[in-house]
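Q: Pasting a structure below so you can have a look.
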Amino acid sequence: MRFKDQVVIVTGAAYGIGRATALAFAKEGAILVVTDYNQKKLAETVELAKALGATIRSYVFDIRDEAKIDAMVADAMDAFGKIDVLVNNAGVGQFNPFPTTSPDEWDTIMGINGRAMYLMCRAVVPHMLDVDKGAIVNITSIMGEFAGIAQSIYNASKGAAKMLTQGIAKDLGSTGVRCNAVAPGMIQTGLTENMFADATQKAWFEERIPMGRVGRPEDIANAVLFLASEDASYITGATLKVDGGMTCAMN
C-alpha cells in the first residue's frame, strides 16, 4: 500500500499501459483521477478499479484540450485537496514513411505526445509546489532515442517528451517535486496489436529482444509505480528503459 490515500492522475487510462498503471495504483491504495477520449473503454477501467476498492473519478475528453485539462485538475483539487502523482501516458503512434507525412499528422502526434504532456505538467506542478512534494512520470519510448522505420514524427515526439522530462527535473530539482520517464520497448498494447497479430513479425521482434518476449502493460506499470514511490526518492530526470534489453542489442 505504498500509495494509500495518495491522489494519482493517469492520462490515457482506457486500455493498455494506462489501464494497467491505473489498476496497479488502485491495488496500492491510491485515489484515482483518470482520463481518456474513449468513453466505453475508460468506463471499463473505472469498474475494474472500483472492484479493487479504489475511489476514482473519470473524465472523457481530447487530451489536447487545455481548458478541459485545467478544469479536470481544478475539480480534482476541489474533491481531494491535493495531487501527489501525475502519470502522463496518453499517446498516439505512427506508421507512415516520412515522404507521405502531412503537417496535420505532425500536429496530431506532437499535440498528443508532446504538447498535452506539457499542458498536464503545467496544470499540476503549481499544486505540487504548494506542498513541495510530488512525482511526475512521463511515458516516453525507446523510439525517442532510436529511429524507427516510418516513425519519424513519433520519434521526434518521444524525443521531445524525454527532454521535457529532464528539463522539468532540472528546474524543480530543489523543490521536492520529481520528474522521471519510463521508456517502453515492444509492448503488447492497442498500438502494436495489429503488428503482433502476424506471428512471423512478432517472432522477428522476439529474436531481437534479449529476454525473448514482447513486454506486457504490467511491466511498464511496475516501473511507473517504482519511480512514483518513495523508493525512488533520490531519482529525478531519469529515463528508465523497460524493453527486455532490446536497446542493448541495438547499440
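Q: Using the charge dipole of the chain (Lys, Arg: +1 at Cβ; Asp, Glu: -1 at Cβ; taken about the Cα centre), state which of V224, Y154, S58 has its Cα farthest towards the positive end.
A: V224
Q: In debye to the nearest 20, how big a dipole does the chain give about its Cα centre with +1 on each Lys and Arg Cβ and -1 on each Asp and Glu Cβ?
A: That gives the chain a dipole magnitude of about 320 debye.
Q: Continuing with this model, one more query. Over the alpha carbons of the stretch 26-69, what is the largest minus smallest coordinate on each principal axis, giving the biggest first in Å?
A: Ordered largest first, the stretch 26-69 gives principal extents of 30, 19, 11 Å.
Q: Which whole-number percent is the relative contact order of the stretch 10-95 (Cα, under 8 Å, 6+ apart)? Walk me through the numbers on the way to the answer.
A: On the way: 125 pairs, mean separation 28.6, N = 86.
It comes to 33 percent, rounded to a whole number.
Q: Turning to a different aspect of this structure: Could you estimate the translational diffusion coefficient of the stretch 90-140 from the Stokes-Einstein equation, with Rh from the Kirkwood formula over C-alpha pairs, at 37 °C and 0.692 mPa s, in whole µm²/s?
A: Working: Rh = 12.8 Å.
Translational D for this selection: 256 µm²/s.
Q: If amide H atoms are built 1.01 Å from N in the plane of the peptide, which residues on other chains or at least 5 residues away come under 5 Å of the amide H of C179?
A: Under 5 Å from the amide H of C179: I136, G237.
Q: Taking the Cα centroid of the stretch 214-244 and of the stretch 94-142, what is the distance between the two, rounded to the nearest whole Å?
A: 18 Å
Q: Quick one: which residues, 5+ away or cross-chain, put their amide H under 5 Å from the amide H of I187? H built at 1.01 Å from N.
A: The list, which skips near neighbours in sequence, is G215.
Q: Next question. Based on the inverse mean of 1/r over its pairs of different Cα atoms, what is the Kirkwood hydrodynamic radius of the chain, in Å?
A: Hydrodynamic radius (Kirkwood, Cα only) of the chain equals 18.2 Å.
Q: Taking every Cα atom in the stretch 37-158, find the radius of gyration and the maximum pairwise distance Dmax, and write them in Å.
A: Rg, Dmax (Cα atoms, Å): 16.4, 50.
Q: Now a separate question. Let me test this: with uniform point scatterers at the alpha carbons of the stretch 130-180, what is the Debye-based log₁₀ I(q)/I(0) at q = 0.23 1/Å?
A: At q = 0.23 Å⁻¹ the computed log10 ratios are -0.77.
Q: May I pose another question? Under a 10 Å cutoff between Cα atoms, tell me which one of R19, R178, R57 has the largest fluctuation in the Gaussian network model of the chain.
A: R57
Q: Restricting attention to the stretch 180-251, which chymotrypsin sites (Phe, Trp or Tyr not before Pro) occupy a DSSP loop and are surrounded by at most 11 other Cβ atoms within 10 Å?
A: Y234
Q: A follow-up question, please. Please report, in whole Å³, the volume per residue of the convex hull around the C-alpha atoms of the stretch 131-251.
A: Dividing the Cα hull volume of the stretch 131-251 by its residue count gives 111 Å³.
Q: Given labels modelled 7 Å from the Cα in the Cβ direction, how far is it in nm from I149 to D198?
A: Taking the simple label geometry, I149 and D198 are separated by 0.8 nm.
Q: Also: For a quick check: with amide H placed at 1.01 Å from N, whose amide H comes under 5 Å from A150's, ignoring anything fewer than 5 positions away on the same chain?
A: So A150 has HN proximity to F98.
Q: DSSP loop trypsin sites (Lys or Arg not before Pro) in the stretch 202-251 with at most 15 other Cβ atoms within 10 Å of their Cβ, which ones?
A: On the way: sites: K202, R208, R213, K241; in loops: R208, R213.
Sparse-neighbourhood loop trypsin sites (Lys or Arg not before Pro): R208, R213.
Q: How far is it, in nm, from the label point at K4 to the one at T175 when both lie 7 Å from their Cα along the line to the Cβ?
A: So the two model labels end up 2.9 nm from each other.
Q: Can you work out the FRET efficiency for the pair S102 and E207, with r the C-beta to C-beta distance and R0 = 45 Å, to the nearest 0.05?
A: That pair, S102 with E207, gives E of 0.85.
Q: Right, something else. Compute the Cα gyration tensor for the stretch 36-96, then decide on rounded, prolate or oblate, letting a ≥ b ≥ c be the square roots of its eigenvalues: rounded whenever a/c is under 1.5, prolate when a/b is larger than b/c in the other cases, and oblate in all that remain.
A: Oblate is the answer for the stretch 36-96, as a/c is 1.5 or above yet b/c matches or exceeds a/b.
Q: Follow-up. Where in the chain are the helices, taken as whole DSSP H runs, whose Cα atoms extend 15 angstrom or more along the long axis and whose Kyte-Doolittle mean reaches at least -0.5?
A: 16-27, 39-51, 66-80, 116-130, 152-172, 217-228
Q: Spin-label point model (7 Å from Cα, Cβ direction): what's the D70 to Y37 distance in nm?
A: Placing both labels 7 Å along Cα→Cβ, they lie 2.1 nm apart.
Q: Got the relative contact order for the chain handy, in percent, Cα pairs under 8 Å and 6 or more residues apart?
A: It comes to 19 percent, rounded to a whole number.
Q: Rounded to the nearest 20 debye, what is the charge dipole size of the stretch 174-237 about its Cα centre when +1 sits on each Lys and Arg Cβ and -1 on each Asp and Glu Cβ?
A: Details: 5 positive and 8 negative charges, 22 e Å.
Using only the charged Cβ atoms, the result is roughly 100 debye.
Q: Also: For A79 and D130, what does the FRET efficiency come to when R0 = 22 Å and r is the distance between their Cβ atoms, rounded to the nearest 0.05?
A: Given R0 = 22 Å and the Cβ-Cβ separation, E is 0.85.
Q: Can you compute the FRET efficiency between R122 and K27 using 1/(1 + (r/R0)^6), with r the Cβ-Cβ distance and R0 = 25 Å? Round to the nearest 0.05. Please list the in-between numbers first.
A: On the way: r = 30 Å, r/R0 = 1.18.
Calculated transfer efficiency: 0.25.
Read the figures in this text as sums done on the coordinates, not as results from a lab. If you're wondering where the values come from, they're calculated on a predicted model, not measured in any experiment. Because the Cβ atoms are built from the backbone with ideal geometry, glycine has one as well, and the counts that use them run over all protein chains shown.
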